[in-house]
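Worksheet for the structure shown next.
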Amino acid sequence: IRALQISRRDTKLRDANEKIRESRRRAIEDMGRRVGYQWDFRDYEVGMYVWLRESHIDEMKGGKGLWTYSGPYIIEEKRPNDAFTLKELSGAILPGHVNIRRLRLFYYRPNHQTLKAKL
């Protein structure tokens with residue numbers, strides 16, 4: 001009886017797995033049609049505000065509550081091979097360059113927030 005149950009279970013699991021895969025594929029296709037198959041923002045220009053991903057946190061053990069992005073920073077210079085030089089809001093330029101995969105667009109809303117804080 002147990003062998004019969006296992007053989008039935010395997011076919012049901014296979015069918016369920018196929019349904020889940022089909023559902024996920026449809027969801028990905030629908031999202032692709034909505035965003036025009038452009039998953040990432042890559043049109044960064046000089047002067048844009050961005051977040052910088054702290055990649056060393058990925059390799060740490062623990063640290064679940066640590067912030068994964070720092071910033072915002074301003075793009076100072078666009079370099080070849082999808083690299084950028086960043087500067088802080090104070091104008092200090094960060095040493096080295098940063099790959100585009102570590103950047104996320106910072107949505108600055110001038111009507112609702114300011115760059116200066118009153119203490």
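Brief remarks on what is shown
- Amide H contacts under 5 Å for Leu105: Trp51, restricted to partners 5 or more places along the chain or on a different chain, H placed in the peptide plane at 1.01 Å from N.
- Taking 7 Å steps out from each Cα toward its Cβ at Asp15 and Leu105 produces label points 4.5 nm apart.
- Between Leu66 and Glu45, the distance separating the two model label sites (each 7 Å from Cα on the Cα→Cβ line) works out to 3.5 nm.
- Fully extended contour minus Cα-Cα distance, from Glu29 to Ile93, at 0.36 nm per residue: 18.9 nm
- Take the Kirkwood radius over Cα pairs of the range 49-105, plug it into Stokes-Einstein at 37 °C and 0.692 mPa s, and you get 274 µm²/s for translational diffusion.
- FRET efficiency, Arg79 to Ala3 (Cβ-Cβ, R0 41 Å, nearest 0.05): 0.05
Values quoted throughout were computed directly from the atomic coordinates according to the rules given, and no laboratory measurement underlies them. Note that the structure is predicted; figures quoted are calculated from it, not measured. Here the Cβ is made from the backbone with ideal geometry for all residues, glycine too, and neighbour counts use every protein chain on show.
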